[in-house]
Amino acid sequence: MRWSRYFLYTSKEEPAEAEAPSHRLLLKAGFIKQVAAGIYELLPPALRVLKKIEGVVRREMDRSGAQELLLTVLNPKELWLETGRWDAYGDELFKLKDRHGREYCLGPTHEEEITDLIRKTVRSYRQLPLLLYQIQVKFRDEKRPRFGLIRAREFIMKDAYSFDADEESAELSYESMRFAYERIFKKLGLKVVVAEADVGQIGGKLSHEFIALTPYGEAKLAYCESCSYAANAEVVPVNDARVWEEEERPLKEVETPGVRTIEELARFLGVEKERIVKAVVYAVKGEPVVVFIRGDREVDENKLEKLLGTDEFRLATDEEVRRFFGTERGFIGPVGLKEGTRVFWDRSVEGIKNAVVAFNEPDKHLVNANPGRDFSYGPFVDLAQVREGDACPRCGEPLRLERGLELGHTFLLGTRYSEPMKAYFTDRDGREKPVVMGCYGIGISRVLAAIVEQHHDEKGIKWPTRVAPFELLIILLNPKDEELTRVAEELYREALAEGLEVLYDDRDERAGFKFADADLVGIPYRLVVGKKVKEGSVELQSRLTGERWELPLNEAVSFVKRKVEEDKR
RNA sequence: CGGGGCGUAGCGCAGGUGGUAGCGCGUCGGCUUUGGGAGCCGAAGGUCGCGGGUUCAAGUCCCGCCGCCCCGACCA
């Protein structure tokens, strides 16, 4: 491809609206254009990358025996009513009507449709196991689209579904997908951690997330360096109840005027935060729920959601606290709490001695409060957010916490969809059973962004050879020079003949301009056709390693060819 | 959905106290230049996000709306 004719327009200016490196660089290098919040066009070079990512994914899916098909974007409402997700999915579902008033959604995921397909086709255990996948555009009306392709409202996803006759077989399917995923991310040059995850909205029994470590991810990952435990932070059990070996001191009432936060209270009383029993008040469907947790700990609302069995809750406002308890926020405590209030005790409070507690009177606290003597507590549940240094639930060593980007997610669904949608088959014993399902997603367009997140420097992108939009960039430094031009043209033809994917910068621009663009766009190999041609050589540079080679003209292309093939192996 | 910020040329931005819009980059034409985003000369390019109001006069002041970005809650 001649750059002079190629639809690739870079910018010298920093895009003002972008912050994440992938977002910034993809815009600046002319790979994507924004149409609306979370909606992007993929321009020719980006599409080349996307296709290569898809290629890697296809190869590995096919190798695991999965068969590709293409489901639909438009999904009728009826299917989604069957699983209850028409409403459960909420505002995130893009909904629309046809001319007859029939309702549809734009598929955000395809469990409904594929289950519908299976119940119409699969009758017998002889047809199982079955593994199907598609690479399709998905739509989710995200509350907050963010960071360009990282969280878009329209995006490309590979989704696979497994169908098995029983649980054991389903677990085998699940495992084979897990291994396929590990191979895929490795081939794509992505550092990915496999984490135990929450099944969340999609439902099911077993779930893993494939998380790329980057500061622009939305997933909080806890991992252990000594035993390789890794999990989404929201599912990590926390148990750090302290052992308090001290005498119980006499209870005392103290004035704490206007002291609202744990921070202020600790400072005001000169005690450590661990000694304070914090009350966090939630409004659950209009009713108060109080979580008592140690003052240095935060509530993990995902854990709370699981305990409550609903996501219809939020922190109570000051106004609600007043209405619920007739006192001010900051002074809710276990002593004298309104009868019948629903209460949870986090494990962190267990065994606390000489604690600071509130007693539902404004501007006062109790110090040296002791459970059993001054208030009753328990039973205990795990509601604390995990934090750096907490004990690994597997080996007890300190955990590390990192932000990451969820690129893939696997779920062993069981019969969450086949049961309500009646996807039954006849087993060898002649009985009707629901198929056992699994589903497996990879955010393809997000992967593209993740690759940039993990492969870039100040100057631009550094595409790994396997996914690069082109393998080789030939830079003609001075198009006015006939000899240079002739040599560059020849190298270009030769590279094409060798089957290399080559972009040939034949634009009438100055050297510095072309080098800057080359760094920005990030093609892994770069042949510089410049003054060394007079000595019969060209310079090859690697964008990935910074290496340089001076090569005789007649060997340059075959050398590149060899390097590219090595990289792709 | 809560909080914050921003909408002026293709991009990045400037336009105290109201007086009819500018800079840099880019684009087009010309000359010069060619190993790290060159220089000079000339030119084109604007619904100042949209609607209303105040005023002799609004990019600027007031009201409403829309869009985009960031933080939080939430999600692949």
Please identify the pairs in which a residue from the range A:426-443 that is more than 14 Å from residue A:170 (Cα to Cα) and without any contact (Cβ under 8 Å) to a residue 12 or more places away in the chain has its Cβ atom under 7 Å from the Cβ atom of a residue that is hydroxyl-bearing (Ser, Thr, Tyr) and surrounded by fewer than 19 Cβ atoms within 10 Å (Cβ to Cβ), counting only partners at least 6 apart or on another chain. A:432/A:424; A:432/A:426
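Pick from A:92, A:60: which is in the same structural domain as residue A:444 (by TED's automatic domain parsing) and within 16 Å of RNA strand B (Cβ to nearest atom)?
A:92
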Do the conditions hold for residue A:149, that is, is it assigned to a loop (DSSP other than H, G, I, E, B), assigned by TED's automatic domain parsing to the domain that holds residue A:207 and either open to solvent by less than 40 Å² (accessible area, probe 1.4 Å) or within 9 Å of RNA strand B (Cβ to nearest atom) (or both)? yes
In this structure, does residue A:494 turn out to be open to solvent by 50 Å² or more (accessible area, probe 1.4 Å), touching a helix residue (DSSP H, G or I) at 6+ places or on another chain (Cβ under 9 Å), more than 30 Å from residue A:454 (Cα to Cα) and more than 12 Å from RNA strand B (Cβ to nearest atom)? yes
Kindly indicate the residue of the range A:451-469 that is more than 9 Å from RNA strand B (Cβ to nearest atom) and in a loop (DSSP other than H, G, I, E, B) and also most open to solvent (accessible area, probe 1.4 Å) among those meeting that condition. A:458
Collect the residues in the range A:470-483 that are among the hydrophobic types (A, V, I, L, M, F, W, C) and either assigned to a loop (DSSP other than H, G, I, E, B) or modelled with pLDDT under 95 (or both), keeping them in residue-number order. A:470, A:477
So residue A:305, is it acidic (Asp, Glu) and not assigned by TED's automatic domain parsing to the domain that holds residue A:206: yes
Just for strands (runs of 3 or more DSSP E) wholly inside the range A:272-384: which have at least 3 residues that are small (Gly, Ala, Ser) and at pLDDT 85 or above? none
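Residue-by-condition table, conditions (1) in contact (Cβ under 8 Å) with a residue 60 or more places away in the chain; (2) away from RNA strand B (no atom under 11 Å from the Cβ):
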| site | (1), (2) |
| --- | --- |
| A:184 | yes, yes |
| A:187 | yes, yes |
| A:205 | yes, yes |
| A:216 | yes, no |
| A:227 | yes, yes |
| A:230 | no, yes |
| A:235 | yes, yes |
I need a count of the residues in the range A:98-111 that are part of a loop (DSSP other than H, G, I, E, B) and closer than 30 Å to residue A:442 by Cβ. 4
Which of the residues spanning the range A:232-252 are surrounded by 12 or more Cβ atoms within 10 Å (Cβ to Cβ) and either in a loop (DSSP other than H, G, I, E, B) or over 36 Å from the mean Cα position of the chain (by Cα) (or both)? A:236, A:237, A:238, A:239, A:240, A:241, A:242, A:244, A:248, A:249, A:251
Can residue A:477 be described as open to solvent by 10 Å² or more (accessible area, probe 1.4 Å), among the hydrophobic types (A, V, I, L, M, F, W, C) and over 30 Å from residue A:77 (Cα atoms)? yes
Report whether or not residue A:358 is in contact with a strand residue (DSSP E or B) (Cβ under 6 Å, 6 or more places away or on another chain), open to solvent by less than 10 Å² (accessible area, probe 1.4 Å) and away from RNA strand B (no atom under 16 Å from the Cβ). yes
Among residues of the range A:152-171 being in a helix (DSSP H, G or I) and open to solvent by 20 Å² or more (accessible area, probe 1.4 Å), the residue nearest to RNA strand B (Cβ to nearest atom) is A:171
Of all residues in the range A:396-450 being in a strand (DSSP E or B) and hydroxyl-bearing (Ser, Thr, Tyr), the one that is farthest from RNA strand B (Cβ to nearest atom): A:426
Scanning the range A:497-510 for residues that are closer than 21 Å to residue A:562 by Cα and open to solvent by less than 60 Å² (accessible area, probe 1.4 Å) gives A:499, A:500, A:501, A:502, A:503, A:504
Residue among A:29, A:18, A:37 that alone is modelled with pLDDT under 95, of a type outside the set (D, E, K, R), within 11 Å of RNA strand B (Cβ to nearest atom) and closer than 20 Å to residue A:522 by Cα: A:18
Name the residue that is most open to solvent (accessible area, probe 1.4 Å), counting only residues in the range A:511-567 that are closer than 13 Å to residue A:470 by Cα, more than 10 Å from RNA strand B (Cβ to nearest atom) and part of a helix (DSSP H, G or I). A:561
Just one of A:135, A:114, A:118 is part of a strand (DSSP E or B), assigned by TED's automatic domain parsing to the domain that holds residue A:425 and either touching an Asp or Glu at 6+ places or on another chain (Cβ under 8 Å) or open to solvent by less than 20 Å² (accessible area, probe 1.4 Å) (or both); which is it? A:135
Do we find a residue being surrounded by fewer than 19 Cβ atoms within 10 Å (Cβ to Cβ) and not aromatic (Phe, Trp, Tyr) anywhere in the range A:432-447? yes
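Only residues that are in contact (Cβ under 8 Å) with a residue 12 or more places away in the chain and open to solvent by 60 Å² or more (accessible area, probe 1.4 Å): list them for the range A:1-11, please.
Step one: of the range A:1-11, the residues in contact (Cβ under 8 Å) with a residue 12 or more places away in the chain are A:1-4, A:6-11.
Those that are in contact (Cβ under 8 Å) with a residue 12 or more places away in the chain and open to solvent by 60 Å² or more (accessible area, probe 1.4 Å): A:1, A:2, A:7, A:9.
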For the range A:130-168, how many residues meet the condition of being under 27 Å from residue A:55 (Cβ atoms) and among the charged types (D, E, K, R)? 7
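The values are calculated or read from the model by the stated rules, or taken from the named source; none is laboratory data. Everything numeric in this text was worked out from a predicted model, so none of it was measured. Counting neighbours? That spans all protein chains shown, and the Cβs are built from the backbone with ideal geometry, glycine included. All accessible areas refer to the heavy atoms of the entire protein, side chains included, with ligands and DNA or RNA removed. Shrake-Rupley method; radii C 1.70, N 1.55, O 1.52, S 1.80 Å.
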